[in-house]
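The values are calculated or read from the model by the stated rules, or taken from the named source; none is laboratory data. None of the values given here were measured: they were computed from a predicted structure. Cβ: placed from backbone, ideal geometry, glycine included. Neighbour counts: every protein chain shown. When the accessible area is computed, the model is the full protein with side chains, heavy atoms only, and any ligands, DNA or RNA have been set aside. Shrake-Rupley method; radii C 1.70, N 1.55, O 1.52, S 1.80 Å.
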Amino acid sequence: MGRVTGEESLRPQSLMLTFLGDQVLGRDVCVYSGSVIDVFARAGIGEQATRSTLTRMVNRDLLRRQREGRRMYFGLTERSEAVLRDGERRIWQTGAVNRHWDGTWTLLGFSLPESWQRQRHDLRSQLTWSGFGPLFNGLWIAPGEVDVSALVAELGLSAHVKVFRAHADAGMNIGQMIEETWELSDLAGRYEAFAGRWQSWEDRLPDADDALVLRLRLQTEWLRIVRRDPRLPVKHLPDDWPAEQAEKTFRAVHDRLSPLARDASQRLLDLVPARPQD
């Protein structure tokens with residue numbers, strides 16, 4: 001298969017979720033384990049690693065098994081469907097460029113005992129994942145209205161966290177605040193690297209059976225980047241912000257690969273209707 005320049009190492013579970021979102025989500029089907037092993041072998045992932053990933057995902061309630069004769073098939077659970085729907089929204093609806101921000105910010109303040117180092121680390125990690133940046137030590141901020149109630153409750157920190165909606169004062173330099181709060185250079189570098197890896201595929205086509213794997217890599221890489229993006233309002237970002245060009249590259253390559261990928265999936269995948277769970 002034609003390799004993507006500077007191709008990133010992708011975790012088997014991340015590729016598996018993309019594969020399931022691509023081939024199983026919304027179709028009420030289960031996929032044969034042998035089909036998954038075949039596709040993942042084309043992505044350079046060995047049979048043992050693929051089987052281990054399937055087993056781990058069953059144990060985490062992200063997959064369910066369905067036996068048909070001597071063959072084992074795998075289908076989605078409510079949990080994996082919710083994860084995949086969220087990824088689908090993030091790629092195709094929310095997008096990488098926030099042009100419709102209404103000026104609202106979510107402010108989250110927390111105060112934890114000094115000895116709660118693990119809880120502090122977990123909260124900061126989850127806030128970063130949810131698009132927040134540290135305005136001050138115990139005060140974090142995110143663009144738009146972000147619902148963190150479930151996140152905070154799951155960490156058992158509801159009594160230690162206060163959440164507000166806010167608007168900046170007219171004289172505030174929002175662009176400067178953004179630069180001081182988020183690592184813009186790191187995020188910009190991710191978008192630029194993505195575009196650099198994939199732009200050549202806007203004008204190329206792979207071998208027919210390789211298109212499916214190439215599109216899986218494309219979507220998995222793109223989702224990893226946009227999930228890390230807090231979606232800051234584009235009007236307050238640098239003029240040369242690279243997210244829009246990277247998104248154009250993603251969509252162009254996805255459209256170019258899709259006809260071949262669909263043909264490959266019809267040849268390579270054994271799917272059966274999903275039976276109701278007991």
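Below, the figures for the structure above:
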quantity: Strands (runs of 3 or more DSSP E) within the range 94-200 that include 3 or more residues crowded, with 18+ Cβ neighbours inside 10 Å and touching a Gly at 6+ places or on another chain (Cβ under 7 Å); calculated: 139-143
quantity: Checklist (1) at pLDDT 95 or above; (2) closer than 17 Å to Trp222 by Cβ; (3) open to solvent by 10 Å² or more (accessible area, probe 1.4 Å) applied to Phe19, failing item; calculated: (3)
quantity: Test: residue in the range 68-78 that is part of a strand (DSSP E or B) and open to solvent by 60 Å² or more (accessible area, probe 1.4 Å); calculated: yes
quantity: Long-range neighbours under 9 Å by Cβ, at least six apart or interchain, first residue under 12 Å from Lys248 (Cα atoms) and polar (S, T, N, Q) within the range 86-100, second modelled with pLDDT under 90 and crowded, with 16+ Cβ neighbours inside 10 Å; calculated: none
quantity: Residues located in the range 218-263, provided they are aromatic (Phe, Trp, Tyr) and open to solvent by less than 20 Å² (accessible area, probe 1.4 Å); calculated: Trp222, Phe250
quantity: Verdict on Gly87 being at pLDDT below 95, out of contact with any helix residue (DSSP H, G or I) (no Cβ under 6 Å at 6 or more places or on another chain) and not in a strand (DSSP E or B); calculated: no
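Rundown of residues vs (1) farther than 30 Å from Pro134 by Cα; (2) in contact with a Gly (Cβ under 7 Å, 6 or more places away or on another chain); (3) at pLDDT 95 or above; (4) outside any loop (DSSP other than H, G, I, E, B), yes/no style:
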site: Leu205; (1), (2), (3), (4): yes, no, no, no
site: Arg215; (1), (2), (3), (4): yes, no, yes, yes
site: Ala246; (1), (2), (3), (4): no, no, yes, yes
site: Thr249; (1), (2), (3), (4): yes, no, yes, yes
site: Val253; (1), (2), (3), (4): yes, no, yes, yes
